[in-house]
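The values are calculated or read from the model by the stated rules, or taken from the named source; none is laboratory data. Just so you know, these numbers come straight off a predicted model, no measurement behind them. Positions of Cβ are backbone-derived with ideal geometry, glycine not excepted, and every protein chain shown enters the neighbour counts.
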Amino acid sequence: MQKRLVNPAEAPAPAGPYSQVAELDLGSGKLLILSGQVALDDANKEIVGAGDMTVQADRTLEIIGRLLAAHGATFADVVNIRTYLTDMGHRAEYAAVRAKYFTGDLPTSTTVEVSKLFRDEALIEIEVTAAVSAA
């Protein structure tokens with residue numbers, strides 16, 4: 001099995017010293033493990049939509065879509081999603097946005113409430129794992 005740790009140019013650079021995607025070559029396909037993503041803008045790494053779960057969830061999933069696309073994957077390839085919310089009271093808003101991105105078979109899922117994320121303004125952080133068949 002081969003492993004690559006990458007920061008695709010097609011998506012925002014990481015907000016710190018880490019890789020955005022771990023790509024594991026499985027021979028018959030690849031497994032993508034994405035770092036947790038928050039709603040950062042591309043240029044200044046500032047939170048988009050401060051105080052607005054709908055805006056933050058949409059931006060976060062848009063970034064995840066770009067990271068997946070950089071590796072030939074889509075949301076249909078996602079097999080697991082882990083979501084961290086700073087207030088479970090926003091779960092319905094998040095679920096409404098998530099339903100726009102996951103329209104077929106749904107991945108396994110964990111959603112938990114945490115007291116704080118790495119940016120004070122961040123309301124949500126999402127990480128996904130995707131399985132992509134070889135072409």
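Which residue, of S35, S28, is of a type in the set (S, T, Y), over 16 Å from I126 (Cα atoms) and in contact (Cβ under 8 Å) with a residue 12 or more places away in the chain?
S28
Of all the residues that make up segment 50-85, how many are surrounded by fewer than 19 Cβ atoms within 10 Å (Cβ to Cβ) and within 18 Å of D120 (Cβ to Cβ)?
So the count comes out to 4.
Under 7 Å between Cβ atoms, which residue pairs at least 6 apart in sequence (or on different chains) link something in segment 95-113 that is more than 11 Å from N80 (Cα to Cα) and at pLDDT 95 or above with a partner that is assigned to a helix (DSSP H, G or I) and of a type in the set (D, E)?
Listed by first residue and then by second, the contacts come to V97/D58.
Criterion first (assigned to a helix (DSSP H, G or I), free of Cβ contacts under 8 Å to residues at least 60 places away in the same chain and charged (D, E, K, R)) does E23 satisfy it?
It is false that E23 is assigned to a helix (DSSP H, G or I), free of Cβ contacts under 8 Å to residues at least 60 places away in the same chain and charged (D, E, K, R).
Among all residue pairs at least 6 apart or on different chains, which show Cβ distances below 7 Å where the first residue, located in segment 1-14, is within 21 Å of G27 (Cα to Cα) and the second is acidic (D, E)?
Every condition considered, the pairs that remain are M1/D25; Q2/D25; R4/E23; V6/E23.
With (1) at pLDDT 95 or above; (2) not in a loop (DSSP other than H, G, I, E, B) as the list, and L5 as the residue in question, which single condition is left unmet?
Just one mismatch for L5, condition (1).
Considering only segment 81-135, state which residues are closer than 22 Å to L32 by Cβ, in a loop (DSSP other than H, G, I, E, B) and among the small types (G, A, S).
G104, A134, A135
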